[in-house]
Amino acid sequence: MLLLDSQALLWVLDDSPRLGATARDLISSTDGVHVSAATVWELTIKAMLGKLSVPADLSVRLVDQGFVPLSVTAEHAEGIRDFPELTRHDPFDRLLVAQADRASLHLVTADHVLLKLERDFIVDATA
């Protein structure tokens, strides 16, 4: 099962060529492609700041397109302790890494900092 970060989700929704062939195949062939509530939160904030445009009913549309919503739990929040090397990194990304780790999901991301962690559950969205 997979968890998409914000960038990977946007690339999937836009059918962007930046999404790599391997990642695209993995996403299309996997049952249980998850999107975190943290991602919806992040994209909503960015939309409110005028940095991008997302539908007001994004969470409903994601479910309609077959994505599985992933709530943020206290266990996920505490899980960021397992990644002290990310202490100064984006808080949304830190939470996604913890969620993927705790929920045994593969995180699909293009974030170079996360990819440099060289954890087996972090997948390059550009590959």
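Readers should treat all values here as calculations from the given coordinates under stated rules, not as data from a laboratory. Note that the coordinates shown come from a computational prediction; the quantities given were computed from them, not determined experimentally. We place every Cβ from the backbone using ideal geometry, glycine too, and count neighbours over all the protein chains shown.
Things to note:
- Around the amide H of His106, modelled in the peptide plane, lie the amide H atoms of Leu2, Leu3, all under 5 Å away and 5 or more residues distant in sequence or on another chain.
- Segment 87-127 shape via C-alpha gyration tensor axes, a/c threshold 1.5: oblate
- MRE, 222 nm, helices only [DSSP H, n ≥ 4, -39500 (n - 2.57), over the chain, to nearest 500]: -12500 deg cm²/dmol
- Close amide-amide hydrogen proximity is noted between Thr126 and Gly20, each under 5 Å apart and 5 or more residues distant or on a separate chain (H modeled in the peptide plane; Pro and chain starts excluded).
- Integer Hz, Karplus 6.51/-1.76/1.60 couplings in order for segment 31-37, x for Gly and Pro: 7, x, 8, 8, 10, 6, 4
- The alpha carbon gyration tensor of segment 3-70 gives principal lengths a ≥ b ≥ c with a/c of 1.5 or higher and a/b no greater than b/c, which makes the shape oblate.
- With θ taken as phi - 60° and the Karplus curve 6.51 cos²θ - 1.76 cosθ + 1.60 applied, the whole-hertz 3J(HN,Hα) list for segment 82-87 is 6, 10, x, 5, 9, 3 Hz, x standing for glycine and proline.
- Cut-off under 5 Å, modelled amide H: who pairs with Leu70 long-range: Val35, Ser36, Ala37
- Filtered trypsin sites (Lys or Arg not before Pro), segment 69-127: DSSP coil and at most 11 other beta carbons within 10 Å: Arg88, Lys116
- Global geometry of segment 2-124, whether rounded, prolate or oblate, following the gyration tensor of its Cα atoms and the 1.5 cut on a/c: rounded
- Derived scalar couplings between HN and Hα for segment 2-11 equal 10, 10, 8, 7, 4, 5, 4, 4, 4, 5 Hz in order, rounded to whole Hz, by the Karplus curve 6.51 cos²θ - 1.76 cosθ + 1.60 (θ = phi - 60°), x for Gly and Pro.
- Computed over segment 2-124: relative contact order in percent, which uses C-alpha pairs under 8 Å that are six or more apart: 30 percent
- Mean Cβ count within 10 Å, highest first, over the residues of peptides 59-65, 7-13: 7-13, 59-65
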